[in-house]
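A short worksheet on the structure shown next.
The values are calculated or read from the model by the stated rules, or taken from the named source; none is laboratory data. Remember, predicted model here, so these are calculated numbers, not experimental data. Cβ placement follows ideal geometry from the backbone for every residue including glycine, while neighbour counts extend to all protein chains displayed. These accessible areas exclude ligands, DNA and RNA; they are computed on the full protein's heavy atoms, side chains included. Shrake-Rupley method; radii C 1.70, N 1.55, O 1.52, S 1.80 Å.
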Amino acid sequence: MSDRQAAAATAQEMAGRQKEISVSEFFLKNRHLLGFDTPAKSLVTAVKEAVDNALDACEEAGVLPEITVEVRGRFERSWVAVEDNGPGIVESQIARIFGKLLYGSKFHKLSQSRGQQGMGISAAGMYGQLTVGKPLHIISRIEGEPLASELYVSIDTANNRPDIHKRKRIAWSRPHGTRVEMELEGVDQGGPHSVEAYLKLTAIANPHVSIIYKGPRGKELFFARACDELPPRPKEIKPHPGGVELGRLIQMLNGAKSRSLLQFLVDEFSCVGEKTAREIIQLAGKPLSERSYPAHIAHAQANALHRALQKARVQKPRPDCLVPIGEAQLLEGLRKELPAEFYTAATRPPASYRGNPFLVEVAIAFARPGEAEIDVDVASGRMRKKQSAESDPAPHLIARRDEPVRLLRFANRVPLLYQQSSCAITKSVLQTNWRAYGLHQPKGALPIAPMAILVHVASVWVPYTSEAKEAIEPYPELVREIKLGLQQCARRLSHFLQRERTLQHEYEQRAYIETYLPHIGVALQEILGLDDGTRDGVVARLDDALHANRAAKRRSS
Amino acid sequence: MKEDGSEQDRRTIDLIESIASQVRAAIESGALPAIRTPTRSLENVSYNKEVGYLELGKKEQVRALTVNTARAFAQTLRLMAASRAMVASNDFATKREAYYISKNWGDCRFDEQAESDAIMDDIEAIASLHGLSRENLRFYPESHGGSVAGRLVIVDKSAATGETIEIDCARLGVGAYSIPRSAEHLAFRTDARFILAIETGGMFQRLNNHRFWERAQCIIVEMGGVPTRATRRFIRLLSDRHELPVYCFVDCDPYGFTNIYRTLKAGSGNAAHVNRFLCVPRAQFLGVTPQDIIDFGLEDATHPLTPVDIKRAKDALRNDPFIVAHPRWVAAIKQLLDMGVRAEQQALAKWGLNYVIDEYLPRKLAEVSGFLP
């Protein structure tokens with residue numbers, strides 16, 4: 001027995017080994033939680049974090065975003081640069097934004113934005129630092145400043161603190177904006193999980209954005225802007241009484257500035273006026289009263305208050321904190337990036353889960369790549385096949401006719417590329433009975449059709465399944481709304497398909513009859529001894545009569 | 001039936017051309033053309049007591065140019081064109097050949113012979129309304145007719161040279177004349193008193209070998225089961241032109257009564273549109289009748305009726321318009337059902353091989369009025 005068991009440790013020895021873990025260290029070890037697992041996924045995640053920040057910054061500052069993304073790679077190493085025309089960052093904040101996890105402006109407010117936790121871009125930097133050993137390189141300039149700030153920042157993971165390597169003021173051609181460059185272990189793979197696909201999806205859901213992509217191997221793409229108006233700014237809101245959790249309530253009570261419970265309820269919650277606040281307090285019962293001092297409310301009473309908040313009849317969350325892409329913009333985005341025959345979009349009215357307002361948007365693009373479309377001449381009733389141009393620039397975003405449909409998932413306008421199977425959107429699509437709308441759908445699977453289904457969930461707090469923000473938790477309220485949206489679009493699709501099928505059927509019938517017209521001509525020629533010209537004339541007359549007859553039938557039906 | 005071949009040919013061509021002209025006129029006027037054909041289904045078939053055969057009623061189907069009929073429409077016209085060409089060049093096609101003619105029609109071709117047969121029946125039905133037969137359209141049946149022997153001289157013409165050929169059916173030894181597919185152009189010389197149509201080849205051979213036709217001064221025809229169209233047409237032409245009675249000699253069973261005899265005399269429901277050319281209304285049933293089984297002591301030479309026989313007999317009593325119209329037939333079939341047995345022609349051999357020649361037929365022929373209608 002060479003392997004001796006280690007001697008049992010004493011409590012003192014154990015205490016010597018117990019120490020604080022910094023959040024950076026935690027995520028360094030668990031980087032998959034932030035979306036950095038394989039090199040391919042890491043590259044997309046890094047680009048995504050940088051682009052999300054750039055878009056949020058531009059929109060918040062009221063600037064139409066112009067984003068440039070550059071990716072170069074050799075072997076398993078990639079160099080990424082993302083540049084925007086946003087407001088820029090105050091120099092003293094740059095290091096903390098890029099060099100500290102969980103530092104940001106969006107966590108503490110309830111407002112619809114792409115970023116949520118203040119973790120993404122610094123995590124990307126940390127990942128680059130870990131795999132390649134290079135710090136983040138940031139250039140940023142605020143409008144009016146004569147020079148831009150240039151910093152090299154890495155993270156001191158033990159303390160979750162930025163580590164500034166170099167700081168300089170330099171001349172920069174941009175009047176304002178921010179540029180982030182990083183090196184990391186990553187590869188650009190093609191297909192539905194590529195940087196290109198991510199950017200294309202971003203362009204679909206954000207038609208107000210223009211993106212220049214300079215990819216590896218000299219690939220350059222330009223996603224043009226389709227509309228010159230920024231989406232309205234989402235309003236920031238307070239928590240809704242129905243959604244607050246007990247721990248959060250206690251925390252809020254403890255930190256309350258208000259001097260009375262009544263004032264506290266009115267100040268800290270949305271949709272609560274004095275009348276509602278009184279009702280809540282009454283529901284909570286004694287010893288709570290309107291004048292109770294919030295910070296002094298005991299645990300048991302907080303519990304009662306929490307129950308009362310749930311029970312009270314409070315107005316639904318106000319939807320003005322939500323900014324949908326909008327049906328028109330969705331169609332615009334789809335049209336410019338996904339060539340298809342039929343588009344439809346639906347924006348659902350706002351709803352809420354656990355007090356968090358959200359809304360769902362659904363769009364469908366249905367294509368038949370390479371297949372002819374049927375064109376009908378209304379006057380003569382003639383039909384002909386219109387060969388659609390053989391363009392197929394979105395191979396990964398629209399399914400082929402014998403493949404399951406593609407799901408284009410978005411949360412707060414950000415494309416979700418991974419974890420499709422565990423996402424609320426996927427579950428909702430699976431639970432929808434597509435057969436009722438004329439599509440083929442194997443049991444328990446996605447429907448089979450040459451189409452893409454776009455679902456966008458906008459919310460002040462999207463319940464992602466993980467920090468990497470790859471999928472949405474299937475809360476029943478969410479699934480219900482998504483399904484309603486899907487059904488709305490599917491009904492319109494089904495009308496379109498019905499019409500298509502009717503046309504197709506009629507076309508086939510006509511083509512079938514037309515095959516036999518020349519034979520009637522030949523037979524009449526043989527029997528009546530007609531010359532070729534007369535024969536062709538008879539066939540042409542017959543053809544006319546046939547179409548006139550059909551056209552009349554269609555008009556009457 | 002006195003008009004000669006060329007007159008019929010002219011009428012055939014006229015008919016086809018008039019149908020084609022109607023189609024063309026409809027097209028020129030901007031309408032969708034249609035072809036009318038008599039409905040050939042059994043519901044449109046009835047027994048005409050006056051003329052003595054099953055005939056088509058007044059029902060018509062209109063084949064307009066639609067998705068469902070475009071193909072058949074074109075095929076009908078093309079087959080008519082083929083028919084017209086054959087009349088013009090004095091040629092013919094068997095049903096099988098007509099099917100193959102279509103093979104260079106491209107999309108229009110027949111996929112199976114059943115298809116071309118159906119179209120042919122339609123054209124035939126139209127032609128029949130104008131007194132023209134399938135043979136006039138130059139479509140000949142595949143199967144040839146039965147055999148003929150006896151006091152008959154057939155005057156034929158060589159298709160190749162036009163030379164006249166005479167065949168004396170009394171001078172064929174133990175062989176016989178084989179009825180051709182088309183008998184329209186034949187002429188006959190005969191001093192026979194009647195035609196004896198026989199069901200089986202065996203019985204025909206016995207009567208021929210013993211030259212029964214000489215003794216009875218008749219013509220004997222072998223039908224070989226249900227008579228083919230060629231056989232029916234031949235007997236019809238022969239009996240019409242020389243006003244010869246036709247006596248039918250078949251087995252005593254429901255098949256013999258309702259299928260063989262009834263088809264010869266009144267025609268079949270399936271081809272009701274051509275019965276007017278094919279059936280032989282003057283045919284009479286010589287035997288073997290159910291009463292013959294008793295009269296000639298054949299009770300111990302019978303077989304019990306099979307379930308199929310019984311069903312066929314009951315069907316005839318209920319549905320066969322010819323049987324229903326003749327009480328004596330109803331009685332005979334009821335008698336057979338009561339007896340529960342059937343007897344073949346050959347059963348007469350019980351009393352000796354030539355009993356049929358020496359006893360049975362002379363006794364029966366002596367009392368023609370007793371034949372079943």
*asked:* Accessible area of region B:320-373 with a 1.4 Å probe: how many percent of it is carbon plus sulfur?
replied: 56
*Read phi for every residue in region B:363-373 and hand back ³J(HN,Hα) as whole Hz from Karplus 6.51 cos²θ - 1.76 cosθ + 1.60, θ = phi - 60°, with x for Gly and Pro.*
4, 5, 5, 5, 10, 4, 5, x, 5, 5, x
_Tensor-based shape of the protein assembly as shown (alpha-carbon gyration tensor, a/c under 1.5 rounded, otherwise prolate or oblate)_ = prolate
*Return one whole number: the accessible area per residue of region B:1-153 in Å², for a 1.4 Å probe.*
44
_Explain nothing, just compute: Karplus ³J(HN,Hα) = 6.51 cos²θ - 1.76 cosθ + 1.60, θ = phi - 60°, for every residue of region B:86-98 in order, whole Hz, x for Gly and Pro._
5, 4, 4, 9, 6, 10, 8, 9, 6, 4, 5, 5, 4
_Residues of region B:22-51 losing 40 Å² or more of accessible surface, assembly versus chain alone, probe 1.4 Å, please list them._
B:ARG24, B:ILE27, B:GLU28, B:LEU32
*Amide H to amide H, which residues 5 or more places from A:TYR464 or on other chains are under 5 Å from it, using H placed in the peptide plane?*
A:GLU473
*For region B:115-264, what does the alpha-carbon gyration tensor say about shape, rounded, prolate or oblate, given a ≥ b ≥ c as the root eigenvalues, a/c under 1.5 as rounded, and a/b over b/c as prolate?*
oblate
*Most positive-pole-ward Cα, B:GLY267, B:ALA347, A:LEU262, against dipole of the protein assembly as shown from beta carbon charges*: A:LEU262
*Leaving ligands, DNA and RNA out of it, work out the accessible area of A:THR465 with a 1.4 Å probe and give it in Å² to the nearest 10.*
60
*Inter-chain Cβ neighbour average for residues A:510-519, partner chain, 10 Å*: 6
*Straight-distance crosslink candidates among lysines, where the alpha carbon sits under 18 Å from B:LYS311 and sequence neighbours closer than 8 are dropped*: B:LYS334
*Using label points projected 7 Å from each Cα along Cα→Cβ, tell me how many nm separate B:VAL330 and B:ASP358, to one decimal.*
4.2
*Note the buried accessible area between B and A here, summed over both chains, with a 1.4 Å probe, in Å² to the nearest 100.*
2300
*Hey, if we sort B:LYS49, A:LYS168 by accessible area with the 1.4 Å probe, largest down, what's the order?*
B:LYS49, A:LYS168
*Counting only protein heavy atoms and using a 1.4 Å probe, what share of the accessible area of region A:435-526 belongs to carbon plus sulfur, as a whole percent?*
53
*Please give the average number of partner chain Cβ atoms lying within 10 Å of the Cβ of each residue in B:359-370, rounded to a whole number.*
0
*Taking all protein chains as present, what is the carbon and sulfur share of the accessible area of region A:3-76, in % to the nearest whole number, probe 1.4 Å?*
52
*To the nearest 10 square angstrom, what accessible area does A:TRP461 show with a 1.4 Å probe?*
80
*Rounded to the nearest 0.05, what FRET efficiency is calculated for A:GLU145 and A:ILE212 with R0 set to 25 Å and r the Cβ-Cβ distance?*
0.55
*What is the spin-label model distance, in nm, from A:ASN549 to A:SER92 if the labels are put 7 Å beyond Cα along the C-beta direction?*
8.8
*Rounded if a/c is under 1.5, else prolate if a/b beats b/c, else oblate: with a ≥ b ≥ c from the C-alpha gyration tensor eigenvalues square-rooted, which is region B:1-149?*
rounded
_Estimated distance in nm for a label pair at B:THR66 and A:ARG248, the labels positioned 7 Å out from Cα along Cα-to-Cβ_ = 6.7
*Go through B:HIS326, A:HIS296 and list them by solvent-accessible area, largest first, probe radius 1.4 Å.*
A:HIS296, B:HIS326
*Arrange the residues B:MET223, B:MET339 by how much accessible surface each exposes, largest first, with a 1.4 angstrom probe.*
B:MET339, B:MET223
*Work out, step by step, the length gained on full extension between B:GLN22 and B:TYR100: first 0.36 nm times the residue separation, then minus their alpha carbon distance; give nm to one decimal.*
25.3 nm
*With only Lys, Arg, Asp and Glu charged, each at its Cβ (+1 for the first two, -1 for the last two), find how big the charge dipole of chain B is about the Cα centre; round to the nearest 20 debye.*
440
_Per residue accessible area of chain A, 1.4 Å probe, in Å²_ = 47
*Would you mind checking the pairs A:LYS100/A:LYS166; B:LYS58/B:LYS314; A:LYS168/A:LYS219 and listing those with alpha carbons more than 27 angstrom apart?*
B:LYS58/B:LYS314; A:LYS168/A:LYS219
*Per-residue HN-Hα couplings for region A:281-291 [Karplus 6.51, -1.76, 1.60; θ = phi - 60°; Hz; x = Gly/Pro]*: 5, 5, 4, 5, x, 5, x, 6, 9, 4, 9
*Non-local amide H neighbours of B:ARG151 (under 5 Å, H modeled in plane, Pro and chain starts lacking H): which ones?*
B:CYS218, B:ILE219, B:ILE220
_Contour minus Cα-Cα distance for A:ARG354 and A:ARG307 (0.36 nm per residue)_ = 15.6 nm
_Cα centroid separation, region B:176-199 to region A:143-167 (Å)_ = 120
*asked:* Using 32 Å as the Cα-Cα cut-off, could you pick out the over-long pairs in A:LYS336/A:LYS483; A:LYS29/A:LYS238; A:LYS316/A:LYS469; A:LYS235/A:LYS483?
replied: A:LYS29/A:LYS238
_Spin-label proximity, B:THR164 to region B:235-265 - amide N less than 16 Å from point 7 Å beyond Cα toward beta carbon_ = none
*Accessible-area value, A:LYS219, 1.4 Å probe, nucleic acids and ligands omitted, Å²*: 90
*Just subtract the alpha-carbon distance of B:ARG211 and B:ASP300 from 0.36 nm times their residue separation and send over the number in nm, one decimal.*
29.1 nm
_Amide proton proximity set for B:GLY287, modelled H, under 5 Å, gap of 5+_ = B:CYS248, B:VAL250
